[in-house]
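Here the structure is laid out as structure tokens; the discussion comes afterwards.
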Amino acid sequence: MSNAGNHYFNLEYESIEMLADRISEALHCPITIEDANHQIIAYSRHEGEIDPVRIATIMRRRVPEHVINSLWKSGAIPKLFESDEPVIIPAIDQVALGERVAISVRKQDKVIGFIWAQSKAIFTDEQMSILKEAARAVKHQLLQHEKQKRAAEESHQEFFWKLLTGHFNGKNEIDQANRVYGLPLSGDLITVIFDFGRTIDQTLERQIDYLVETLQQVSCITRTYDGEHLILLIRFSEKSETDVLDDYVNDFIKKTTERLQVRPIGAGGSAVNNPLDVKRSYQEALYVLRMKRLFPTVHIPSCYEKLGIFQAIEEFRAVRKGKQNKTVEKLKEYDHIHNANMLETIYTFLAFDGNMNEAAAVLHVHPNTLAYRLKRISEISGLNLKDMNDKTLLYIDLLIMHLEDSLL
């Protein structure tokens, strides 16, 4: 085998784009150089036929999310993170991705980027050797890119914390400060928090950064970390912010669970169109997290605007302080005497908005058993399950009871 690949890239290159073209010439195919989060750093000139994924990647300056997902599912990206050897990636017709050969670029054990080659034929041993040499050649440029990006993010974080804590007195003051950072603060902004339930160390932070930058449903303006929390400032292009937020939170949690074996809790505040109100959105997101912790058996929406009765449950608690609910007292007494769980039954039934099948599944009973229990509850307490006023007040009092139990 030729040793040509060992000294292919020993010249000084004026730019990483020139190096990309040199790698392309050596491999006889188009290549792209990406950072660790699949954002394009450079790409070579190309002639002849190229596939739609390369076109879309160059146009967006990042690999499309659906392509990244397919590469994870196929096992290609996990292999790139695990090995510093070139990885042959068969075509994935579902996303119009042609065959690729890729390699990770590393600083010791840390992946700092990738080189992707659009191969038209099986790579020879010499081409594989050239690709490995190319990974060493682009390492310095990728380290410089990472250093600059990290410095920008750290300066953004200080500004972000000032927004979160209400440091500024007016929008003009924010605009003046933002001239240094150039963050896009127009449009609808929402603060989103993910609670990981453990301190976020450097390794986990790097993995989270990857997920944040590869999920593309929303525009992440900036982010920061606070103990166990990832805090994001995101912007939506669509008006149905709450639906998009739910999808984003659910998708983030799903991918974090699958790829990192960590399941965070997600929460978002209201959409605000004045950056002065980012503090309020942040406080609302913290409140949603608190409700999720206090009511673990109830489905709590991720978006503050969808909380419904939970937005005011603490105010209801103050209003109802010292008052008794006869239905609660009768069922509590019955449960104590008969070692039953009628209170849990009615609480679960109301929490699932009267859906027999869902409530029965949570209670681990047959729907017919649940129907019998509800009949007994009405007989014991006099509760009229067709009276909305009775049901609403009972549900509020049961929520207050659970809230107080959680606070003990």
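Before moving on, here are some points about what is shown:
- Unique residue being outside the structural domain of T348 (by TED's automatic domain parsing), part of a helix (DSSP H, G or I), touching a Ser or Thr at 6+ places or on another chain (Cβ under 7 Å) and among the basic types (K, R) when the list is K255, K292, K279: K279
- Sole residue being assigned to a loop (DSSP other than H, G, I, E, B) and of a type in the set (A, V, I, L, M, F, W, C), chosen from I77, I122, I130: I122
- Matching entry among R100, R106, R150 (being surrounded by fewer than 12 Cβ atoms within 10 Å (Cβ to Cβ) and among the basic types (K, R)): R150
- Test: residue in region 355-369 that is at pLDDT 95 or above, small (G, A, S) and more than 26 Å from P301 (Cβ to Cβ): no
- Residue match in region 193-209 (condition: of a type in the set (S, T, Y) and over 18 Å from the mean Cα position of the chain (by Cα)): no
- Restricting Q217, Q261 to residues that are at pLDDT below 90 and within 30 Å of S70 (Cα to Cα) narrows the list to Q217.
- Restricting region 34-70 to residues that are outside any helix (DSSP H, G or I) and among the aliphatic types (A, V, I, L, M), the residue that is farthest from I103 (Cα to Cα): I50
- For region 298-316, the condition holds for no residue, the condition being that it is among the charged types (D, E, K, R), in contact with a helix residue (DSSP H, G or I) (Cβ under 6 Å, 6 or more places away or on another chain) and farther than 26 Å from L189 by Cβ.
- Only helices (runs of 4 or more DSSP H) whose full extent lies in region 301-354 are considered here, and the ones with at least 3 residues that are hydroxyl-bearing (S, T, Y) are 342-351.
- Residues in region 21-30 that are out of contact with any Leu (no Cβ under 7 Å at 6 or more places or on another chain) and closer than 19 Å to E99 by Cα: I23, S24, E25, A26, H28, C29, P30.
- The single residue among G197, G182 that is on the phi > 0 side of the Ramachandran plot and without any contact (Cβ under 8 Å) to a residue 60 or more places away in the chain turns out to be G182.
- Check on I231, surrounded by fewer than 20 Cβ atoms within 10 Å (Cβ to Cβ) and hydrophobic (A, V, I, L, M, F, W, C): no
- Selection of region 184-198 for residues being surrounded by fewer than 18 Cβ atoms within 10 Å (Cβ to Cβ) and more than 24 Å from D251 (Cβ to Cβ) yields only S186.
- Unique residue being in contact with a Lys or Arg (Cβ under 8 Å, 6 or more places away or on another chain), in contact (Cβ under 8 Å) with a residue 60 or more places away in the chain and either surrounded by 14 or more Cβ atoms within 10 Å (Cβ to Cβ) or more than 22 Å from D251 (Cβ to Cβ) (or both) when the list is A137, A117: A117
- V95 being outside the structural domain of R22 (by TED's automatic domain parsing) and without any contact (Cβ under 8 Å) to a residue 60 or more places away in the chain: no
- Among residues of region 78-87, those that are of a type in the set (V, I, T) and at pLDDT below 95, counted: 0
- Which listed residue is under 15 Å from H402 (Cα atoms), modelled with pLDDT of 95 or more and not charged (D, E, K, R), from V298, V278, V288, V328: V328
- Search result, residues across region 93-107 that are closer than 18 Å to P64 by Cβ, touching an Asp or Glu at 6+ places or on another chain (Cβ under 7 Å) and part of a strand (DSSP E or B): L97
- In region 257-290, residue surrounded by the most Cβ atoms within 10 Å (Cβ to Cβ) [restricted to those that are among the polar types (S, T, N, Q) and in contact with a strand residue (DSSP E or B) (Cβ under 8 Å, 6 or more places away or on another chain)]: S281
- Qualifying residue in region 223-231 (condition: in the same structural domain as Y282 (by TED's automatic domain parsing), of a type in the set (F, W, Y) and under 15 Å from H156 (Cβ atoms)): yes
The values are calculated or read from the model by the stated rules, or taken from the named source; none is laboratory data. These numbers come from a predicted model, not from an experiment. Quick reminder, even Gly has a Cβ in these numbers, built from the backbone with ideal geometry, and neighbours come from all protein chains shown.
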